[in-house]
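**Student:** Encoded as structure tokens, here's the structure I'll be asking about.
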Amino acid sequence: MGIKILATNRKASHEYFLLDRIEAGLALQGSEIKSIRAGQISLAEAYIEVDDREAWLIDAHIAPYIQASIYNHEPRRPRKLLLHKAEIRRLWNEVRKKGVKIVPPKD
């Protein structure tokens, strides 16, 4: 059983020179998981912000799940990336360099 790719950001490889790839988990709400499984996710405008303690996925659009009604999520809310402290520190050091930006090519 392989990994199922749920979303790709094709523009990332065309607009940016990809230096490195990392894997990270996402902290999601229940309605977000249902929408992602239904293929209702877009990474076209998404990017990652890193400070010295946490990393966040910004502007990824996960469509509201219709059956969740009042318990739905905000479609473009910041989502926390689940990474080890050492990885966050390494990314923080890279981002502080001039011209380095972190973009998600796949989800």
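**Student:** Please go through the stretch 48-58 and give me each residue that is in contact with a Leu (Cβ under 9 Å, 6 or more places away or on another chain) and either among the acidic types (Asp, Glu) or modelled with pLDDT under 90 (or both), ordered by number.
**Tutor:** Scanning the stretch 48-58 gives Glu49, Glu54.
**Student:** From (1) part of a helix (DSSP H, G or I); (2) surrounded by fewer than 15 Cβ atoms within 10 Å (Cβ to Cβ), pick out the condition that doesn't hold for Ile22.
**Tutor:** Failing condition for Ile22: (1).
**Student:** A further question follows. Being within 16 Å of Pro104 (Cβ to Cβ), under 11 Å from the mean Cα position of the chain (by Cα) and of a type outside the set (Gly, Ala, Ser) narrows it down to one residue among Ile36, Ile41, Ile88; which is it? Steps first, answer last, please.
**Tutor:** On the way: Ile36 fails: under 11 Å from the mean Cα position of the chain (by Cα); Ile88 fails: under 11 Å from the mean Cα position of the chain (by Cα).
One residue alone meets the criteria, Ile41.
**Student:** Sort through Pro75, Pro104 and tell me the only one that's crowded, with 17+ Cβ neighbours inside 10 Å and not small (Gly, Ala, Ser).
**Tutor:** Testing whether each residue is crowded, with 17+ Cβ neighbours inside 10 Å and not small (Gly, Ala, Ser) leaves just Pro104.
**Student:** If I filter the stretch 10-33 down to residues being under 16 Å from the mean Cα position of the chain (by Cα) and polar (S, T, N, Q), which single residue comes out as modelled with the highest pLDDT?
**Tutor:** Gln29
**Student:** Among all residue pairs at least 6 apart or on different chains, which show Cβ distances below 6 Å where the first residue, located in the stretch 72-95, is part of a loop (DSSP other than H, G, I, E, B) and the second is of a type in the set (Asp, Glu)?
**Tutor:** Matching pairs, first to second residue: His73/Glu32; Arg76/Asp59.
**Student:** Let me confirm something: among Lys97, Lys34, Lys85, Lys11, which residue is out of contact with any strand residue (DSSP E or B) (no Cβ under 9 Å at 6 or more places or on another chain) and surrounded by 14 or more Cβ atoms within 10 Å (Cβ to Cβ)?
**Tutor:** Lys34
The values are calculated or read from the model by the stated rules, or taken from the named source; none is laboratory data. Owing to the predicted nature of the structure, the values given are computational and were not obtained by experimental measurement. Neighbour counts are summed over all protein chains in view; Cβ atoms, including those assigned to glycine, are modelled from backbone coordinates with ideal geometry.
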